[in-house]
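Input: a single structure, listed below in structure tokens.
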Amino acid sequence: MNETMVCVVGNVATRPVYRETVSGPSARFRIAVTARYWDREKNSWADGHTNFFTVWANRQLATNAAASLSVGEPVIVQGRLKVRTETREGQPDWMSADIDAVSVGHDLARGTTAFRRTPRPELNPPSDRSEPAWETDPAPSPPVDGTVTDAAPDTGDGERADELRPDAAMVT
């Protein structure tokens, strides 16, 4: 697929808004990404232009982002870039840059955080993974010549299988 994947480093600009939708949890927040450059005249770092992106998170990522992020915190967001152009309130060419997030995390180059794993919700109850009944004899394969026999299969030690287990069904 031809998608534009981006990784942006910035600060949370708005409080995450969490919603339960028909397709599952969804959250959105804005991130401010400011370019920094070395100003030779001042001999110091200076702020450049600030870009704002709306970050959209879905499912478990939405739940975790809404519970973990606050305004002003440094974050790293990775996801698919979507640039839209619309006409809004009579103003043509209104543009927005959205990121459908794949991953969101605190920027540990600028601080610390405490990670807590969230339990995965069980969608289906655990299936029965018990051992199959190995003591059940498999059905004997038919003779190669096509004749029908009414004898139980031989177990290899001179006894027939129906003599060992009286409840064994005979296959004809």
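The values are calculated or read from the model by the stated rules, or taken from the named source; none is laboratory data. It should be emphasised that the depicted structure is a prediction, and the values quoted were computed from it without experimental measurement. All Cβ positions, glycine included, derive from the backbone under ideal geometry; neighbour counts span all protein chains shown. All accessible areas refer to the heavy atoms of the entire protein, side chains included, with ligands and DNA or RNA removed. Shrake-Rupley method; radii C 1.70, N 1.55, O 1.52, S 1.80 Å.
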Counted residues in the range 1-34 being over 14 Å from Arg80 (Cα atoms) and either touching a Leu at 6+ places or on another chain (Cβ under 7 Å) or surrounded by fewer than 15 Cβ atoms within 10 Å (Cβ to Cβ) (or both) come to 13
Checked the range 35-71 for anything open to solvent by less than 50 Å² (accessible area, probe 1.4 Å) and within 18 Å of Cys7 (Cα to Cα); matches are Thr50, Phe53, Thr54, Val55, Ala57, Leu61, Ala62, Ala65, Leu69
